[in-house]
Amino acid sequence: MNTPANSAYIRACRGLSVPHTPVWFMRQAGRSLPEYRELRGSGSILQAIADPVIAAEVTLQPVRRYGVDAAILFSDIVVPVHAIGFGVDVVPGRGPVMADPFKDRSDLARLRPLHPDADLPYVLETVDRVVEALGETPLIGFAGAPFTVASYLIEGGPSREFTKVKALMHSDPQLWVELMERLAEGATTFMRAQVAHGASALQLFDSWAGSLSPSEYECFALPATKAIMDATADLGVPRTLFGVGTGELLGLMATSGADVVGVDWRVPLDEARRRVGDSVSLQGNLDPALTFASTEVLDAATRRVLDAAGTRPGHIFNLGHGVLPTTNPDALKRVVDLVHAEGRAGVTK
Ligand code: 1CP
């Protein structure tokens, strides 16, 4: 019987043979889909996430349209801190913004423990609905990694330089550790609840970890990530760790306990494999910008990713970062079909 547990996606995460190379896209649900824009209207994304009927439908839309091998829960990395009342809004066209950013020790009290059943019942109901509708297709649950969530809490919104975060971590390492521990506990609790409701895999988004040097990453971000991996290992579901611009960090990320390391488009997968060793699977890594190129260029770029992944088992095809809002959905459908037809990593037909 086909189940999420023996799907191509889960098998590839575990480095096992597959009937075809699995593919899904970060940010596959959302603004690039006309059916999403129609359903969602103009309210805050937090409202859409709080409505399980809408959130479940949005989660399923890309699975239907593209035939991807996994769904990712429609939510956001700031949803748990929003739910415990930190004071977050997600501004259209910009991203998460804090009314009152995290500044000093007194702000720790604003990060009380998360109780998913009481704080996020709507997300868990969305998971229930999606799992029921998906059948044999796996659902990926997720959380934001402590460093990346902290970057929003401290900077107050999207940042390019991360000046306040870096100032705080270097000047008050004790407070930083306590902040990381709280966020790690919240991420762990939230991901465990998603699996309890039927999610088949987890992804930890440390999207902005690439702003750190290897020694900063090792000292300030990796310990909390390891704690989350340790505290979710018993669940028996594969866990992916992803960040952007992490070429210099891939080796360290592979020591986190993650089963899969996500790679952006800057490092070819054969080189990424040399950096991570043999113990993890790799996810990636088509440049999202190339979905705007001609079909010839897009096909060639997709094939280059498949070539770099080689024939060794343990490749999940994805973009190197999220789908861009103006991406033509037909380009993504084309990529899915090509990967299914030509992917070779661990494929036994
Ligand atoms: O109103 C909207 O439609 C706003 C756009 C949007 C969407 C569709 C935001 C605001 N969040 C989301 C959903 C979302 N966010 C998902 C589920 C959909 C899917 O993946 O298919 C997921 C997994 C996220 C996770 C997320 N949020 C990350 C990690 C992934 C990544 O892209 O690196 C990050 C960094 C965020 C913060 C965020 N939320 C929204 C925006 C525009 C941003 C980025 C802002 C920035 O540049 O800092």
Over the chain, calculate the relative contact order: mean separation of alpha carbon pairs under 8 Å at least 6 apart, over the residue count, as a percent.
23 percent
When only DSSP loop residues count, what GluC sites (Glu not before Pro) in segment 154-210 have their Cβ near at most 15 other Cβ atoms within 10 Å?
161
Averaged per residue, what accessible area in Å² does the chain show with a 1.4 Å probe, protein chains only?
39 Å²
Looking at segment 240-318, which chymotrypsin sites (Phe, Trp or Tyr not before Pro) are in a loop (DSSP not H, G, I, E or B) and have at most 11 other Cβ atoms within 10 Å?
none
Between 193, 118, 209, find the one with the highest GNM mean-square fluctuation for the chain; connect C-alpha pairs within less than 10 Å.
118
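The values are calculated or read from the model by the stated rules, or taken from the named source; none is laboratory data. Since we're looking at a predicted model, the values are computed, not measured. Cβ: placed from backbone, ideal geometry, glycine included. Neighbour counts: every protein chain shown. For the accessible areas, the whole protein counts, side chains as well, though only heavy atoms, and no ligand, DNA or RNA atoms are used. Shrake-Rupley method; radii C 1.70, N 1.55, O 1.52, S 1.80 Å.
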